[in-house]
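Enquirer: My questions will all concern the structure given below.
Where a number appears in this text, it was derived from the coordinates with a stated rule and is not lab data. Small disclaimer: the values here were computed from a predicted structure and weren't measured. Here the Cβ is made from the backbone with ideal geometry for all residues, glycine too, and neighbour counts use every protein chain on show.
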Amino acid sequence: MRDEILALDRAHVWHPYTQAGDHREPLVIRSARGSHLFDQDGRAYLDGNSSWWTAGLGHGHPRLLRALREQSEILAHCALAGITHEPAARLAAELAAVAPRGLSHVFYTDNGSGAIEVALRLALQFWQAERAPQKQRFVSLEGAFHGDTSGSASLGGVDTFRHAYGPILFETIRVDFPAADAFDRAFAAVAERIRGERDSIAGVFVEPMLQGAAGMRVYDARYLKELRALCSANDVLLIADEVFTGYGRTGRMWAVDHAGIAPDLMCVGKTFSSLLPMAATLASSHIFDAMKGTTLYYGHTFCGNPLGAAVAREVLAIFRDEHILAQVQPKVAQIASAFERMSKMPAVLRTRALGMVGALDLSAAGYGGKLGWQVYDEARKRGAYLRPLGDTVYVCPPLTITVDELATLLTIVEESVHVVTEGAQTNPSPLNRE
Ligand SMILES: *Cc1c(COP(=O)(O)O)cnc(C)c1O
């Protein structure tokens, strides 16, 4: 069976973010439960990245499966134009109740990139409604990742992901990442751009606190606080992409909570619906009120899908009932101390941790590095799925992982890095410490 699936895959499946014709054999996963994926032979793998950052509540949560099953028997799909239904209406109200203050309206899409596209269009149309139609440019950070559609990829700051697609992307204002050792310079630069060009700038996009795809890069909450003030003072919208960071990933419900701020627009996805393609853009009442009487010419066919909405409501209910945010705190400390310990390994350049994410760099090669993939192979032998970002090895496990499972995952990371770099240390060239 396993070999047959692999043969069909090799002959016909084109994999995402993977070299065509890559000969690395994919895992053949048959089922998943909790923090584990199980392959066709019944072997278990700890899901070190929550299946591309989506399974915040682990796999097969019985309440999510029940919500899906029950909703599927009532209403699996209908359009949301000229129609509403209980899951969409209640979910919007429940989201607004837990969102940062002022975010009162919810626009549904079916993936995170779509949620960013909506934010781009809302921002443009908001300024048209405010009689400032020349405000039509966007600011984003170096290293940003906001999705794969043309609009969202235009905001992206990871060149590897963009360079083939230049002809279908638009120009944005790219500002420096506020690294700890260059914070003041980075903030001064963005402040100068925004003050100088406020008449043509519609909004600033940020992944709050943590850039995921750039290599799990963390920055200070002070940047968000000062950026909020800067945007308000200059009539520029602040748009938070919480597709990855939302729903407790950084240890708080929203990453913007670390700074105590509320954005004007906020995008959610991934753990938001956990197991179905669904995402949303939240807008402030100020934006909604200004746009009354206008039409947003946008809406994916499956937007507001009742199955997705019912599951997303249950996700929020589980966060409440199972005290997920309180539950993660000991695990946040566990990840932080493990990566602190790994920072002392001779082959590790640097480490960082925030909430339920820990990361280490094995070289400065970035996305093109090969050591991360060697760690992946070692971790796979030891029972963990640890897809790296080039030479950045990271964990981003389900928030519901048990303390014991997390200890095992962290040990596998440490051992795998050790085995890979032990050999490499006799050949020091790619591993120069900074
Ligand atoms: C994954 C991600 C997106 C895109 O979401 P998709 O559902 O893959 O389209 C956007 N922004 C951030 C920060 C993400 O991590």
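Enquirer: In the chain, which helices (entire DSSP H runs) extend 24 Å or more along their own long axis, judged by Cα positions, while averaging at least 0.0 on the Kyte-Doolittle scale?
Expert: Answer set is 112-129, 403-425.
Enquirer: Taking springs between alpha-carbon atoms closer than 10 angstrom, which of H59, H23, H323 fluctuates most in the Gaussian network model of the chain?
Expert: Top of the fluctuation ranking is H23.
Enquirer: Placing unit charges on C-beta atoms (Lys and Arg positive, Asp and Glu negative, everything else neutral), compute the dipole magnitude of the range 279-331 about its Cα centre in debye, rounded to 20.
Expert: Taking the Cα centre of the range 279-331 as origin, the dipole is about 80 debye.
Enquirer: Please work out whether the range 1-160 counts as rounded, prolate or oblate from its C-alpha gyration tensor, where a ≥ b ≥ c are the square roots of the eigenvalues and a/c under 1.5 means rounded, while otherwise a/b larger than b/c means prolate and anything else oblate?
Expert: It is oblate, given that a/c is not under 1.5 and a/b is not larger than b/c.
Enquirer: Here's another thing I want to ask about it. Taking every DSSP beta bridge with both residues inside the chain, roughly what % is antiparallel (nearest 5)?
Expert: Bridges in the chain that DSSP calls antiparallel: roughly 65 percent.
Enquirer: Grab the Cα-Cα distance for T172 and T160, subtract it from 0.36 nm times how many residues apart they are, and report the gain in nm with one decimal.
Expert: 2.6 nm
Enquirer: Taking N as the number of residues in the range 135-239, what is its Cα Rg relative to 2.2 N^0.38 Å?
Expert: In units of the globular-protein estimate, the range 135-239 measures up at 1.02.
Enquirer: Please compute the net charge surrounding L155, taking Lys and Arg as +1 and Asp and Glu as -1 over other residues with Cβ under 12 Å from its Cβ.
Expert: Net charge around L155: -3.
Enquirer: Once the other residues with Cβ under 12 Å from the Cβ of A55 are scored (Lys, Arg +1; Asp, Glu -1), what is the net sum?
Expert: +2
Enquirer: Which loop-located trypsin sites (Lys or Arg not before Pro) does the range 88-173 contain, where loop means any DSSP state but H, G, I, E or B and the Cβ has at most 12 other Cβ atoms within 10 Å?
Expert: Here the trypsin sites (Lys or Arg not before Pro) that fit, given the DSSP loop and packing criteria, are R101, R131.
Enquirer: Summing +1 for each Lys or Arg and -1 for each Asp or Glu, what net charge is found among the other residues whose Cβ lies under 13 Å from the Cβ of K331?
Expert: With Lys, Arg at +1 and Asp, Glu at -1, the net is -1.
Enquirer: Still on this structure: What percent of all Cα-Cα pairs in the range 168-309 falls into each 5 Å bin, going from 0 up to the bin containing the maximum distance?
Expert: 2, 9, 16, 20, 20, 16, 11, 5, 2, 0
Enquirer: Right, something else. Any idea how far the Cα center of the range 149-200 sits from the one of the range 12-55, in Å?
Expert: Spelled out, the Cα-based centre of one part sits 33 Å from the other.
Enquirer: In debye, nearest 20, what is the charge dipole magnitude of the chain about its Cα centre with +1 on Lys and Arg Cβ and -1 on Asp and Glu Cβ, if you could check?
Expert: Charge dipole of the chain: 400 debye, to the nearest 20.
Enquirer: Continuing with the same structure: With a 10 Å cut-off between alpha carbons and a GNM built on the chain, which of P306, P26, P388 moves the most?
Expert: P26
Enquirer: Of the candidates E226, E192, E25, which one comes out as most mobile in a Gaussian network treatment of the chain with C-alpha springs shorter than 10 Å?
Expert: E25
Enquirer: Related question: Between the range 353-373 and the range 93-110, what is the separation of their alpha carbon centroids in Å?
Expert: Between the Cα centre of the range 353-373 and that of the range 93-110, the gap is 33 Å.
Enquirer: Ok, one more. Kindly provide the pair-distance distribution of the chain built from C-alpha pairs, with 20 Å bins from 0 and whole-percent values in order of increasing distance.
Expert: Pair shares across the bins are 25, 58, 17, 0.
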